[in-house]
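The values are calculated or read from the model by the stated rules, or taken from the named source; none is laboratory data. Quantities reported herein were computed from a predicted structural model and do not represent experimental measurements. FYI the Cβ positions are ideal-geometry reconstructions off the backbone, even for glycines, and counts take in every protein chain you see.
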């Protein structure tokens, strides 16, 4: 039963990040119009690099796919962790209204890293 719950959570988590990554390329979910100015400035700065947003998108897509496959979940959660840290910090500093969702996703990420600790342990 526990494994089924982990698989369902991993599939939903993976789909969320695949969707987020694809949106960075195809922009099918427009930015909200009521974004704070600090958040708009942050996104403009990220887009000004030219290569950073596509890199984040590719990592999100690959990690989302890896998270959905039970055998590769550990590496997928490791790959998505730095992006999750950035998401949480962005919401703490610039957009506090989305902080709850970001914290929930970070808790899921940390919990899944803990679940896969046997696979991750050789890295340390």
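Just a few scattered comments:
- Test for residue 80: is it exposed (fewer than 13 other Cβ atoms within 10 Å of the Cβ), under 28 Å from residue 121 (Cβ atoms) and modelled with pLDDT of 95 or more: no
- Test: residue 66 is in a helix (DSSP H, G or I), within 26 Å of residue 96 (Cβ to Cβ), under 17 Å from the mean Cα position of the chain (by Cα) and at pLDDT 90 or above: no
- Among the residues of region 16-28, those identified as exposed (fewer than 11 other Cβ atoms within 10 Å of the Cβ) and closer than 20 Å to residue 63 by Cα are 26, 27.
- The single residue among 31, 47 that is exposed (fewer than 15 other Cβ atoms within 10 Å of the Cβ), in a helix (DSSP H, G or I) and modelled with pLDDT under 90 turns out to be 47.
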